[in-house]
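Structure, as structure tokens:
Quick note: the coordinates plus some simple rules give every number you see, no bench work behind them. Given the structure is predicted, the values throughout are model-derived calculations rather than measurements. Positions of Cβ are backbone-derived with ideal geometry, glycine not excepted, and every protein chain shown enters the neighbour counts.
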Amino acid sequence: MSEAGRAASEPEGFRSGFIAVVGRPNVGKSTLVNRLVGRKVSITSSRPQTTRNPIRGVRNGEGYQAVFVDTPGSQKPRDTLRHRMQEQVLESLSESDAILFVLDASAARGGFGGGDRYVAKLVSEAETPTVACLNKVDLLARHDDALPLLAELSQMGDWRETFAISASTGRNTSALMRTVVDLLPEGPVYFPEGVVTDYPETFIISEFIREKALGVLREEVPHAVAVEIDEVERKENVTVIYAILHVERKSQRMIVLGKNGQTIRRIGSEARREVERLLGVRIYLDLKVRVTPGWRSNRQFLERLGL
Ligand SMILES: Nc1nc2c(ncn2[C@@H]2O[C@H](COP(=O)(O)OP(=O)(O)OP(=O)(O)O)[C@@H](O)[C@H]2O)c(=O)[nH]1
Ligand SMILES: [Mg+2]
């Protein structure tokens, strides 16, 4: 944290800290962070590997400030993008005061798999107070179906507590929040009041566009999309945002454009509505699709995107 952050008012007994939220892809980390922060700070989708960089979301309460750090899904890396995503998970773990380890109850019928155990090991190695969260329990046929999973989970590491939660419905998340606050050390106010996330507006806009693209596109195409904001032009009664959707191949460009451009138009109109809600101004979104071969393995390109 910056010196300015540290120098901010530090009331007696105030608790604060960074809580890394980690787990396999698609277990509901971003949904949980949005729920705990009380605002949408991180995009979500039904596709694994939605989150690509750590997203911070701030929750202020009586006598505390909790900074949640949503991380990309943890898995063994297979290309430069995923390698970078895993580096970021490790960085977030090493800088955290507490960890939320999230698992998907609905995907674990009959027990947890190698993916969850891989993350359990990463988390244990961080030697930081950890709460294990069995998420999506709303999808279980019976309440009791969570019990054997909770028992198995408690054998997988040295957790401070274990919760059965639903990030979607909010079940048990208030109790989880109280436990998180108890884990925080005494510390400064890191972010001034009113700050919910510290990303620049252009990043949030690009993420909203990517979220809509993830929702509309199928199979491998979503993972081949990167969104870059080229320019934001503020006019008197409309803000024009020029964005580029990078894909890796010509065939993917055709898919993203769709027949007569209808797919890209749908992505654009869904994203526009969300961005208008965020910025509170009228938006014109100008979306272009560009073929940037192999961008996922291009370190310079990834850096340009802040990855
Ligand atoms: N039924 C149900 N669905 C959930 C719950 N939490 C998340 N989901 C859904 O699970 C999917 C994945 O959620 P995300 O929050 O994007 O998951 P993530 O762990 O951040 O995924 P990555 O960023 O790809 O690692 C989305 O379709 C969510 O709506 C839950 O508690 N119950
Ligand atoms: Mg996510």
### Query
How do 166-176, 20-30 rank on mean C-beta neighbours within 10 Å, highest first?
20-30, 166-176
### Backbone HN-Hα couplings from phi across the stretch 281-288 [Karplus 6.51/-1.76/1.60, Hz, Gly and Pro as x]
10, 6, 10, 10, 9, 10, 9, 10
### Task
Please build a GNM for the chain, connecting alpha carbons under 10 Å apart, and tell me which residue among Leu140, Leu122, Leu285 fluctuates the most.
Leu140
## Note on the structure
Close lysine pairs (the chain; alpha-carbon distance under 30 Å; 8 or more apart or on separate chains) counted at 25
### Message
If I model a spin label as a point 7 Å beyond the Cα along the Cα-Cβ vector, how far apart are those points for Ser106 and Glu152 in nm?
### Response
1.8 nm
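Hey, with R₀ at 30 Å, roughly what FRET efficiency would Ser174 and Glu127 work out to, going by the Cβ-Cβ distance, to 0.05? Walk me through the numbers on the way to the answer.
Numbers: r = 28 Å, r/R0 = 0.93.
Plugging the Cβ-Cβ distance into 1/(1 + (r/R0)^6) gives 0.60.
Can you give the Kirkwood hydrodynamic radius of the stretch 226-280 from its Cα pairs, in Å with one decimal? Could the numbers behind the result be given before it?
Details: mean 1/r = 0.0797 Å⁻¹.
Across the stretch 226-280, the inverse of the average 1/r is 12.5 Å.
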#### Entry: Isotropic mean projected area of the C-alpha convex hull, the chain (nm²)
17.1 nm²
### Query
Hey, if you put +1 on the Cβ of every Lys and Arg and -1 on every Asp and Glu Cβ in the chain, which of Ser16, Ala243, Leu36 ends up farthest toward the positive end of that dipole?
Ala243
### Task
Quick one: check the C-alpha center-to-center distance for the stretch 197-216 versus the stretch 40-83, whole angstrom.
13 Å
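In square nanometres, what is one fourth of the surface area of the convex hull spanned by the alpha carbons of the stretch 69-109? Before the final figure, lay out each step's value.
On the way: hull surface 14.3 nm².
Across all orientations, the stretch 69-109 yields a mean hull projection of 3.6 nm².
Report the calculated FRET efficiency for Arg234 and Gln262 (r = Cβ-Cβ distance, R0 = 30 Å), to the nearest 0.05. Could the numbers behind the result be given before it?
On the way: r = 29 Å, r/R0 = 0.96.
After rounding to 0.05, the efficiency reads 0.55.
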### Query
Roughly how many Å is it from the Cα centre of the stretch 108-172 to that of the stretch 250-307, as a whole number?
35 Å
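Looking at the chain only, what percent of DSSP beta bridges run antiparallel? Nearest 5 please. The partial results should precede the final answer.
On the way: 16 of 46 bridges.
Taking every DSSP beta bridge with both residues in the chain, the antiparallel ones total about 35 percent.
I want to verify the translational diffusion coefficient of the stretch 3-183 in µm²/s; compute it with Stokes-Einstein, Rh as the Kirkwood radius over Cα pairs, at 37 °C and 0.692 mPa s. Provide the component values of the computation, followed by the final result.
On the way: Rh = 16.4 Å.
Here the translational diffusion coefficient equals 200 µm²/s.
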### Query
Based on the mean of other beta carbon atoms within 10 Å per residue, what is the order of 68-74, 113-119, most packed first?
68-74, 113-119
### Task
Could you rank the peptides 96-106, 254-264 by their average count of other C-beta atoms within 10 Å per residue, with the highest value first?
96-106, 254-264
### Message
Suppose every Lys and Arg Cβ carries +1 and every Asp and Glu Cβ carries -1, with no other charges. What dipole size does the chain come out with about its Cα centre, to the nearest 20 debye?
### Response
1640 debye
